[in-house]
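What follows is a single structure, written as structure tokens, with notes after it.
The values are calculated or read from the model by the stated rules, or taken from the named source; none is laboratory data. Because the structure is predicted, anything quoted here is derived from the model rather than measured. Positions of Cβ are backbone-derived with ideal geometry, glycine not excepted, and every protein chain shown enters the neighbour counts.
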There are 2 protein chains.
Amino acid sequence: MTTILRNIEKHVSLGRSETETLLSFFQNIPVSKKELIIHQGRLCDMLFFVESGSFRAYHLNKDGKESTIMFAPEDWWVTDMNAFLNGTPSLLSLEALEDSKIYAIGRKNFDLALDKIPQLERFFRILFQRAYIREQLRVLDNISLTTEERYLNFISKYPQLVQKVTQKQIASYLGVTPEFLSSLKKK
Amino acid sequence: MTTILRNIEKHVSLGRSETETLLSFFQNIPVSKKELIIHQGRLCDMLFFVESGSFRAYHLNKDGKESTIMFAPEDWWVTDMNAFLNGTPSLLSLEALEDSKIYAIGRKNFDLALDKIPQLERFFRILFQRAYIREQLRVLDNISLTTEERYLNFISKYPQLVQKVTQKQIASYLGVTPEFLSSLKKK
DNA sequence: AGTTAGGCTTAATCTATCTTAAGTTTATTT
DNA sequence: AAATAAACTTAAGATAGATTAAGCCTAACT
């Protein structure tokens, strides 16, 4: 069974014909390391599922400062949800951290799939509910913890990721400079 | 029509019998200013809809430092979603900023309602999708903007709220001390 | 294999923000 | 209306974090 079906069937079950319908909406795409699948400033009408590999979403501000918004490991759904939903230019770029494989579905097919396969409403309801909780906990982290606490949280929460990403990227996820993170680690 | 139905029908439409079923799951509760409807550390198995008035959700850390996680104005859905969904102790307290009226639904009835009224899956899918986007944009704000920029964003984004809340509460929403916010404003 | 770019470290200096504490104003309670 | 508590302001001194710049190390490119 494909990884994407296994992911969906964690929360809802689909019949055979629904399965086929669903898969017909997705394209399977290989992505090589450092390739961007979302470009900041452009429109983004694709939702992605990471079959293998991993990604990093970041934002560049006017001064060229880079902020990492999220990491997307294997078995993860990812896009610039704001751009995807509202049709506004993307605030993020999404870059492959390694050679990866993704499934992609366009906005129109996404809406179609939700109409044709009612269980998907529940699936994505649960997915977004959890995503919301995760982001809200991160906001709480950001405003209530010290940088040191947040760094320790990060490495204990995402030990696999720590192998794949640079310290500069972790710093930009925490919202501090790489120099400062480096000096924190010395302690 | 009740405010709660008007809110739901922004995104999905319900039949007469579904409407009745749905409303039977909710209790309408008056809440007086400063009353807590969620207590940090206790379980939270209720989801609320703010019919009138407004609320503030905050977290107290071990040192007694208070962090404001969110404000919930009229026509807003609110709870400690993490506690509600996972059955863990609440990380937040939810306090009425003024005399208010809410609709409340328990976790069991929430699940029942989703089973009996399939349109609700879509409704909450959209609700959580937007909530996720909102929180993600706030994370981006937190890690990429200066405090001054975030303060200006806040007052331009929530001008009505600025009337109802203290500066101390805005400071704790931004993650800075009230003294620092005060000195920022002088400029 | 040699070269180059980028990542990591360290340290000095500068700026943002916190802490403490006092004084003042505004809101709440009696 | 008086009394009390809480919010807001101001300022001095302390700490967290940014900036700049140099040197070193590792990974990517030819």
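Quick rundown of the values:
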item: Filter pass, residue B:55 being in contact with a Phe, Trp or Tyr (Cβ under 9 Å, 6 or more places away or on another chain), more than 13 Å from chain A (Cβ to nearest Cβ), modelled with pLDDT of 95 or more and over 24 Å from residue A:143 (Cβ atoms); result: no
item: Scope the stretch A:148-182; condition within 12 Å of DNA strand C (Cβ to nearest atom), at pLDDT below 95 and not in a loop (DSSP other than H, G, I, E, B); matching residues; result: A:162, A:163, A:164
item: Given (1) buried (at least 19 other Cβ atoms within 10 Å of the Cβ); (2) facing chain B (nearest Cβ under 8 Å), number of the condition residue A:118 does not satisfy; result: (1)
item: Pair list, Cβ under 8 Å, 6 or more apart: the stretch A:1-25 residue farther than 17 Å from residue A:77 by Cβ, other residue assigned to a helix (DSSP H, G or I) and not basic (Lys, Arg); result: A:13/A:119; A:18/A:119; A:19/A:5; A:21/A:113
item: Complete set of residues in the stretch B:144-172 that are aliphatic (A, V, I, L, M), closer than 17 Å to residue A:139 by Cα and surrounded by fewer than 19 Cβ atoms within 10 Å (Cβ to Cβ); result: B:145
item: Pick from the stretch A:147-169, criterion in contact (Cβ under 8 Å) with a residue 24 or more places away in the chain and among the aliphatic types (A, V, I, L, M), ranking: farthest from DNA strand D (Cβ to nearest atom); result: A:161
item: Residue in the stretch B:108-115 that is over 22 Å from residue B:11 (Cβ atoms) and away from every other protein chain (no Cβ under 12 Å) present; result: yes
item: Test: residue in the stretch A:33-45 that is surrounded by 13 or more Cβ atoms within 10 Å (Cβ to Cβ), away from DNA strand D (no atom under 16 Å from the Cβ) and within 12 Å of chain B (Cβ to nearest Cβ); result: yes
item: Selected residue (criterion: nearest to residue B:68 (Cα to Cα)) from residues of the stretch B:165-187 that are among the β-branched types (Val, Ile, Thr) and within 19 Å of the chain's Cα centre (by Cα); result: B:170
item: Condition check for residue B:71: within 14 Å of chain A (Cβ to nearest Cβ) and modelled with pLDDT of 95 or more; result: yes
item: Any hit, the stretch A:89-107, residues being within 11 Å of chain B (Cβ to nearest Cβ) and either under 23 Å from residue A:25 (Cα atoms) or away from DNA strand D (no atom under 16 Å from the Cβ) (or both); result: yes
item: The stretch A:71-121: number of residues that are in contact with a Lys or Arg (Cβ under 8 Å, 6 or more places away or on another chain) and among the charged types (D, E, K, R); result: 4
item: Some residue of the stretch B:76-92 being farther than 19 Å from residue A:133 by Cβ and surrounded by 14 or more Cβ atoms within 10 Å (Cβ to Cβ); result: no
item: Pairs, first more than 7 Å from chain B (Cβ to nearest Cβ) in the stretch A:122-146, second assigned to a helix (DSSP H, G or I), C-beta under 6 Å, six or more apart; result: A:123/A:8; A:141/A:150
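Residues are listed down the side, and each one gets a yes or a no for (1) under 15 Å from the mean Cα position of the chain (by Cα); (2) over 23 Å from residue B:44 (Cβ atoms):
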position	(1), (2)
B:66	no, no
B:71	yes, no
B:89	no, no
B:112	no, no
B:128	yes, no
B:163	no, yes
